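Reading through the structure tokens given below for one structure.
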Amino acid sequence: MDDTQFMTAALDEAQRAEARGEVPIGAVLVNPVTGEIVARDGNRTIEYSDPTAHAEINVIRAACRQTGAQRIPGYDLYVTLEPCTMCAAALSFARIQRLIIGALDPKGGGVMHGARFFDQPTCHHRPEILHGILQEPCGQILKDFFKHKR
């Protein structure tokens, strides 16, 4: 699989999140050596009554449980929307190798916008960042979701 196929899998998770009434953001965590998706999920903040249950956090937690480790270096994370600052910090602490972002988030993002967490001197690990993979459909699912909410 390539970046577009993995982002498509993340978009599938965003659609599942939307079907649950969650903000449609999805993520997949990939072992780039094997090309295997090791964890996949979408937002579950409402379902879990947990403001930290963002898609990125959910897949990191799942992979850490699977490996029995607090850090998962060498993995790539695909997410449909630019992570918030909380999620960026979690990616750093988990030692994610590569972060691949679909749509950017000028309002709430913490990677390319806002706090720019990885640019801070207190950040201990900065993943390689790639953005714009399937940017249009990743952004459109959110626009449509919020348009129907209003």
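Quick look at the numbers
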| quantity | calculated |
| --- | --- |
| Most mobile of ASN58, ASN43, ASN31 in a GNM of the chain (Cα contacts under 10 Å) | ASN31 |
| With every protein chain in place, the stretch 25-109: carbon and sulfur % of accessible area (1.4 Å) | 53 |
| For the chain: accessible area per residue (Å², 1.4 Å) | 50 |
| Of the trypsin sites (Lys or Arg not before Pro) in the stretch 90-127, those whose Cβ has at most 13 other Cβ within 10 Å and which sit in DSSP loop | LYS107 |
| Within the stretch 38-105, chymotrypsin sites (Phe, Trp or Tyr not before Pro) in DSSP loop having at most 15 other beta-carbon neighbours inside 10 Å | TYR48 |
| Largest-first ordering by accessible area, 1.4 Å probe, given options SER92, SER49 | SER49, SER92 |
| Solvent exposure, largest accessible area first (probe 1.4 Å, DNA, RNA and ligands not counted), of MET1, MET112 | MET1, MET112 |
| Relative contact order, percent, the chain [alpha-carbon distance under 8 Å, six or more residues apart] | 20 |
| Size of electric dipole in the stretch 3-77: Cβ of Lys, Arg +1 and of Asp, Glu -1, about Cα centre, debye, nearest 20 | 260 |
| Student exercise, the chain dipole from Lys, Arg, Asp, Glu Cβ charges, in Debye to nearest 20 | 400 |
| Rounded to 10°, Cα long-axis angle of helix 85-94 versus longest principal axis of the chain | 30 |
| Top positive-direction residue, dipole computed over the stretch 44-87 with Cβ charges, set THR45, ILE72, PRO83 | ILE72 |
| Cα centroid separation - the stretch 12-30 against the stretch 127-150, whole Å | 11 |
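The values are calculated or read from the model by the stated rules, or taken from the named source; none is laboratory data. Note that the structure is predicted; figures quoted are calculated from it, not measured. Neighbour counts run over all protein chains shown; Cβ positions are idealised from the backbone, glycine included. Just so you know, the surface numbers come from the protein's heavy atoms only, side chains and all, with ligands and any DNA or RNA stripped out. Shrake-Rupley method; radii C 1.70, N 1.55, O 1.52, S 1.80 Å.
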